[in-house]
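These notes are about the structure you will find just below.
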Amino acid sequence: MVKVSIGVPVYNVEVYLRECLDSIMNQTFKDFEVIMVDNGSTDNSFNICQEYVARDKRFKLIHQENKGLAGARNTCLKYMHSEYTTWIDSDDVVNNNYLERLLTVQAETGADIVKY
């Protein structure tokens, strides 16, 4: 079991997606999986996600018809196998120590939920 599952709902974000996924790939903490749910994108988002799946075994891709953001997140949850869960929107970029910082704060405080 991995330490952290990262859920990334994807819908028509080809302009931002590579930068988002690169920021995840470059994390200083490495024990994670990425569950990307392509929510019926009509642009090149699905193909970009496939590139990352081919490059890194921690990245997994599920394609579904558009079920809205909540539907995509629910699908992510079905495929997550970890101690901790976090969400990164597909048009966001996170610092390379994002996961490390979340886990440090959780360990120091015992918090159930950590926002960074």
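FYI, it's all coordinate maths here, none of it is from the lab. These figures come from a predicted structure and were not determined experimentally. FYI the Cβ positions are ideal-geometry reconstructions off the backbone, even for glycines, and counts take in every protein chain you see.
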Q) Residues with beta-carbon under 12 Å from that of Asp91, excluding Asp91: net charge, scoring Lys, Arg +1 and Asp, Glu -1? A) -3
Q. What dipole magnitude, in Debye to the nearest 20, does the chain give about its Cα centre under +1 on Lys/Arg Cβ and -1 on Asp/Glu Cβ?
A. 320 debye
Q) What is the helix-to-structure angle for 14-25, meaning the angle in degrees between its Cα long axis and the longest Cα principal axis of the chain, kept from 0 to 90 and rounded to the nearest 10? A) 30 degrees
Q) Can you list the HN-Hα couplings for the stretch 58-68, worked out from phi with the Karplus curve (6.51, -1.76, 1.60; θ = phi - 60°), rounded to whole Hz and with x for Gly and Pro? A) 6, 8, 10, 10, 10, 10, 8, 5, 5, 10, x
Q: Step through the residues of the stretch 45-50 one at a time and calculate ³J(HN,Hα) from phi using the Karplus curve (6.51 cos²θ - 1.76 cosθ + 1.60, θ = phi - 60°), rounding each to whole Hz and writing x for Gly and Pro.
A: 4, 4, 5, 4, 4, 4
Q: Measure out, as a whole number of angstrom, how far apart the alpha-carbon centroids of the stretch 2-29 and the stretch 42-115 sit.
A: 6 Å
Q) So who's got an amide H within less than 5 Å of the one on Val34, skipping anything under 5 residues away but keeping other chains? H placed 1.01 Å off N, in plane. A) Ile6, Phe59, Lys60
Q. Of Lys3/Lys67; Lys30/Lys67; Lys60/Lys115; Lys3/Lys115; Lys30/Lys60, which ones are farther than 19 Å apart at the Cα?
A. Lys3/Lys67; Lys30/Lys67; Lys60/Lys115
Q: Multiply the residue gap between Val15 and Glu100 by 0.36 nm, knock off their C-alpha separation, and tell me the result in nm, one decimal place.
A: 27.9 nm
